[in-house]
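Here the structure is laid out as structure tokens; the discussion comes afterwards.
The values are calculated or read from the model by the stated rules, or taken from the named source; none is laboratory data. This is a predicted model, so every value here is computed, not measured. Here the Cβ positions follow ideal geometry from the backbone for every residue, glycine too, while neighbour counts run over all protein chains shown. With ligands, DNA and RNA removed, areas are computed over all heavy atoms of the protein, side chains included. Shrake-Rupley method; radii C 1.70, N 1.55, O 1.52, S 1.80 Å.
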Amino acid sequence: MMGVAAKKPYQLVSKETVNNHSLVKVGPATFGGSELMVIAGPCAVENREQVLCSAAAVAKAGGKVFRGGAFKPRSSPYSFQGLAEKGLELLNEVSRRYGLVVVTEIIDDYSLEAARDAVDMVQIGSRNMQNFHLLKLVGKSGKPVILKRGLSSTIEEWLLAAEYIMAEGNRQVVLCERGIRTYETATRNTLDLSAVPLVKELSHLPVIVDPSHATGVRSLVSPMSRAAIAAGADGLLIEIHPNPEKALCDGAQSLTLTQYDTLMKELAPVAGAVQRQLGTAYAVGI
Ligand code: PEP
Ligand code: MN
């Protein structure tokens, strides 16, 4: 039929259904509002000292959301797989001690069940973006969720994955662009920044950017973070580590705590230029 635009296959996610920006509120954190949510934390929860000192840095810098992996989906079965329940306990301690919102990746039914009461928000990683069973479970759980774009997924596939979660009644979905696989090998992935304004045209959901996994290179994290904010991202997801050389996972892309503090200062003028704010130190116990 000429002149009649076909409806998008992802109606709940689409701007055709909700023609403004949705806010995803998790405790004191609001995604999609004028304040930028800069999530930070170590790729993997390794031990108490590493987690608490990373969390203190996040709280001090005005961050509201702390992320650490307790269940790690690693490319190699011989790589560190995470501390599982012990890791969740440490994340829960961060929540109690600093009042930070805590996020962790879940990889299956078991980890979702274990994370349900320990953390405030869950992440579905790239490798699971089309794990439809997991998408439905997270949808049913009602837990706020960060849905990363799949390694080689189109924007439509990504939005359909979000639709799976929303179709189960969970409206608290934050999309995360984390780079896609291209022929380029100089960076870990290729950050598709055009996805940010495009997804914001297509969907009402908040969109954040993960420059750590997108580049895999520490020195590129700050420039791509600034670019992401300039492109309209609602927040960032940054990997940090007190001693990246010793990190059990993703050390090469992790910022030191000092570099993270510098990054937060470097973001301020860009945030101001797009009429967004960065949080001011809010957390308790620092
Ligand atoms: C992670 O967030 O540590 C991770 C494994 O990311 P991704 O799913 O984007 O590869
Ligand atoms: Mn990682």
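Key figures
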| read-out | value |
| --- | --- |
| Computed over the stretch 1-57, Cα set: Rg, Dmax in Å | 19.6, 63 |
| Karplus-derived HN-Hα couplings along the stretch 43-55 (A = 6.51, B = -1.76, C = 1.60, θ = phi - 60°), whole Hz, x at Gly and Pro | 3, 10, 6, 10, 6, 4, 4, 4, 6, 5, 6, 5, 5 |
| Amide H partners (placed H, <5 Å) of Ile208, local residues excluded | Leu175, Cys176, Glu177, Asp234 |
| Average Cα contact separation per residue, the stretch 1-153, under 8 Å, 6 or more apart, as relative contact order % | 17 percent |
| Those aspartates and glutamates that a straight Cα-Cα span of less than 12 Å connects to Lys246, excepting residues fewer than 8 apart in one chain | Glu46 |
| Orientation-averaged projected area, Cα convex hull of the stretch 230-277 (nm²) | 3.7 nm² |
| For the stretch 203-214, Karplus couplings with θ = phi - 60° (6.51, -1.76, 1.60), whole Hz, Gly/Pro x | 10, 8, 6, x, 10, 10, 10, 10, x, 5, 6, 5 |
| Estimated vicinal HN-Hα couplings, Hz - the stretch 115-126 in sequence order (Karplus 6.51, -1.76, 1.60; Gly, Pro = x) | 7, 3, 9, 7, 10, 8, 8, 10, 10, 9, x, 3 |
| For the stretch 196-255, accessible area per residue (1.4 Å probe, heavy atoms of protein chains only), Å² | 28 Å² |
| Descending principal axes extents, the stretch 107-245, alpha-carbon based, whole Å | 39, 38, 26 |
| Sequence-distant lysines (8 or more away, or on other chains) whose Cα lies within less than 19 Å of Lys60 | Lys265 |
| In nm, spacing of pseudo-spin labels at Ser34 and Tyr78 (7 Å Cα→C-beta vector) | 5.4 nm |
| Assigned charges on the beta-carbon of Lys, Arg, Asp, Glu; the chain dipole about Cα centre (debye) | 240 debye |
| Gain on full stretching of the segment that runs from Glu201 to Glu16 - 0.36 nm per residue minus C-alpha separation | 65.6 nm |
| Across the chain: Cys residues that no other cysteine approaches within a C-beta distance under 4.7 Å | Cys53, Cys176 |
| For the chain, built as a Gaussian network whose Cα springs stay under 10 Å, the top-fluctuating residue of Val274, Val217, Val65 | Val274 |
| Spin-label pair Lys7/Gln130, simplified geometry with 7 Å Cα→Cβ offset, distance in nm | 2.5 nm |
| The stretch 33-96, Rg to Rh (Cα coordinates; Rh as Kirkwood inverse mean 1/r) | 1.03 |
| Dimensionless Rg ratio for the chain, taking C-alpha atoms and the 2.2 N^0.38 Å reference | 0.93 |
| Protein-only accessible surface order, largest first, of Arg67, Arg276, Arg181, Arg127 at 1.4 Å | Arg181, Arg127, Arg276, Arg67 |
| Phe80 - accessible surface, heavy atoms, 1.4 Å probe, Å² rounded to 10 | 60 Å² |
| Where labels lie 7 Å past Cα in the beta-carbon direction, separation of Asp117 and Thr258 in nm | 4.3 nm |
| Mean residue ellipticity (222 nm) of the chain, computed from DSSP H runs ≥ 4 via -39,500 (n - 2.57), nearest 500 | -10500 deg cm²/dmol |
| 21 Å Cα-Cα threshold exceeded, pairs from Lys7/Lys140; Lys72/Lys148; Lys25/Lys72; Lys72/Lys143; Lys72/Lys200 | Lys7/Lys140; Lys25/Lys72; Lys72/Lys200 |
